[in-house]
Structure formats: structure tokens, C-alpha cells
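Novice: Input: one structure, supplied below.
The values are calculated or read from the model by the stated rules, or taken from the named source; none is laboratory data. Model, not experiment: these values are computed from the prediction. Note that we place each Cβ from the backbone using ideal geometry, even for glycine, and neighbour counts take in every protein chain shown.
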Amino acid sequence: MENYNLMYRMGEHLIAVYREGYMSACAELSFMENDTLFFNRLYVHPKLRHRGIAKRLMNMICDKVDVEQLNIVNYINSYGDLDEKDLIAFYSKFGFVLTDNGSYIRSYVVSSEKK
């Protein structure tokens with residue numbers, strides 16, 4: 001992520017990307033179980049949207065959880081500009097699938113399975 005500084009805090013698993021002294025994007029994940037994280041939120045500053053920042057942040061998160069062999073659970077809720085349909089399409093690109101209880105889960109990918 002060019003021109004960005006990355007912060008990774010283990011406690012709550014807050015991952016944030018900073019640009020020019022303010023937070024441009026962040027993703028917050030927290031442990032549910034030993035091998036499962038709960039995806040709390042993903043946010044990109046409105047002035048910086050549609051530049052691929054969320055995609056790059058999600059790729060970084062997916063790479064990290066794959067290495068650590070962690071699963072991610074996410075309940076997709078439309079809080080901002082994107083509607084639920086757009087959010088489902090976005091998260092589906094990263095391997096999230098709908099479960100019977102209404103959550104979306106992304107199971108870690110072993111490196112040999114990646115394309």
C-alpha cells in the first residue's frame with residue numbers, strides 16, 4: 001500500500017491504514033474462538049472511496065488470516081453508502097459464503113489452494 005502506514009494491534013485485532021496523518025481506512029476484527037475471528041467493521045474515509053483501498057485492505061487481511069489459519073465470521077449490515085447487495089458482492093470476492101444462521105464465513109485458504 002504505497003504512501004500508507006499500517007498499524008496492526010494484536011489485542012482487538014484492529015488493523016488500520018493511515019494516510020497523511022489521518023485514518024483513511026480501517027478494519028476491526030476480534031477473536032470469537034481460537035481459530036475464528038469476528039469481522040466487526042470495515043471503513044474507508046468518504047473522500048478516499050473508489051480507489052481500491054478497501055480491496056487492498058481486505059487482501060492484506062485475507063493473506064494474514066490464511067497464514068495464521070484463521071476463519072472469519074461476518075454479519076453483513078448496511079450502515080453507510082453501500083446497500084446489502086453491494087456488500088455481499090464485495091465480501092463474496094474474498095471467499096465469504098452465507099451460512100444457515102445468516103452469517104457469512106470465510107475459511108482460511110492453504111497457500112497451495114490459492115490461485
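Novice: Could you go through the stretch 33-51 and let me know if any residue there is among the acidic types (D, E), at pLDDT 90 or above and within 16 Å of Y108 (Cβ to Cβ).
Specialist: The answer is no; no qualifying residue exists.
Novice: Can you tell me which of (1) surrounded by 15 or more Cβ atoms within 10 Å (Cβ to Cβ); (2) of a type outside the set (G, A, S); (3) out of contact with any Leu (no Cβ under 8 Å at 6 or more places or on another chain) is the one Y79 doesn't meet?
Specialist: All conditions are met except number (1).
Novice: Working carefully through the options I88, I105, find the one that is surrounded by 13 or more Cβ atoms within 10 Å (Cβ to Cβ), under 15 Å from L37 (Cβ atoms) and modelled with pLDDT of 90 or more.
Specialist: I105
Novice: Tally time: how many residues in the stretch 40-65 are touching a helix residue (DSSP H, G or I) at 6+ places or on another chain (Cβ under 9 Å) and of a type outside the set (A, V, I, L, M, F, W, C)?
Specialist: Just the residues of the stretch 40-65 that are touching a helix residue (DSSP H, G or I) at 6+ places or on another chain (Cβ under 9 Å), to begin with: 42-45, 54-55, 58.
Adding the requirement that they be of a type outside the set (A, V, I, L, M, F, W, C) leaves 43, 45, 55.
Adding up the residues that qualify gives 3.
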